[in-house]
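Notes for the one structure printed next.
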Amino acid sequence: MAAHANVTEMLHNAGLDASKPRKAILSYMLEHYGHHTADQIYGALAGQMPTLSRMTVYNVLRALAAGGLIRDVRIESDSMLYDAEIQDHGHFKCGGCGKLFNFLMPQEAFTCDMLEGFEITQRDLFFRGTCPDCQRKRR
Ligand SMILES: [Zn+2]
Ligand SMILES: [Zn+2]
């Protein structure tokens, strides 16, 4: 997979050493588009990497987010989620299955004159509703 071959370069470009756990976790994030908790990532990788600890996963995710390679997202009081989508994007939370969907918007949608003078560290638009799968089940 192309994304896989590039993780070393991506890490270097972000000023991070390409350690084995960093490469493994970034590859996993790129291959599984969407949102993951640290525990899910640990669970998915621990089998192939017996030396991996939960603490390492947390530290790597924090480093990747600080380097701009992934994003951290917290919606309401849910646990922290890590997201491979690094463009400004919106989130749709389904009240039926609880899934969090990414959606892309024109980048102009994320600017607002009313926030002049505010320091913005992350932009997000949050929509709530019912996903098509859950609507189908309801009928
Ligand atoms: Zn749903
Ligand atoms: Zn997202």
Original post:
Here are some residues: Gly15, Gly43. Which one is assigned to a loop (DSSP other than H, G, I, E, B) and among the small types (Gly, Ala, Ser)?
Top reply: Gly15
Subject >> Selection count, segment 78-137, where residues are acidic (Asp, Glu) and closer than 18 Å to Tyr33 by Cβ >> reply: 5
**OP:** Sort out which residues of segment 75-129 are closer than 23 Å to Val60 by Cα, within 16 Å of ligand 2 (Cβ to nearest atom) and more than 15 Å from the chain's Cα centre (by Cα), and write them in order of number.
**Re:** Thr121
Subject >> Which listed residue, of Pro132, Pro106, is within 16 Å of ligand 1 (Cβ to nearest atom) and loosely packed, with under 13 Cβ neighbours inside 10 Å >> reply: Pro132
Original post:
Within the bounds of segment 113-134, is there any residue that is in contact (Cβ under 8 Å) with a residue 12 or more places away in the chain and within 23 Å of Glu9 (Cβ to Cβ)?
Top reply: no
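One line per residue, one yes/no per condition, for (1) surrounded by 13 or more Cβ atoms within 10 Å (Cβ to Cβ); (2) acidic (Asp, Glu); (3) farther than 24 Å from Asn13 by Cα:
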position: Met29; (1), (2), (3): yes, no, no
position: Thr37; (1), (2), (3): yes, no, yes
position: Thr51; (1), (2), (3): no, no, yes
position: Gly67; (1), (2), (3): yes, no, no
position: Ser77; (1), (2), (3): no, no, yes
Original post:
Could you count how many residues in segment 50-71 are farther than 16 Å from Leu16 by Cβ and free of Cβ contacts under 8 Å to residues at least 12 places away in the same chain?
Top reply: 4
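Taken together, the values in this text are just the output of simple stated rules run on the coordinates, not laboratory data. Source: prediction; values computed, not measured. Quick reminder, even Gly has a Cβ in these numbers, built from the backbone with ideal geometry, and neighbours come from all protein chains shown.
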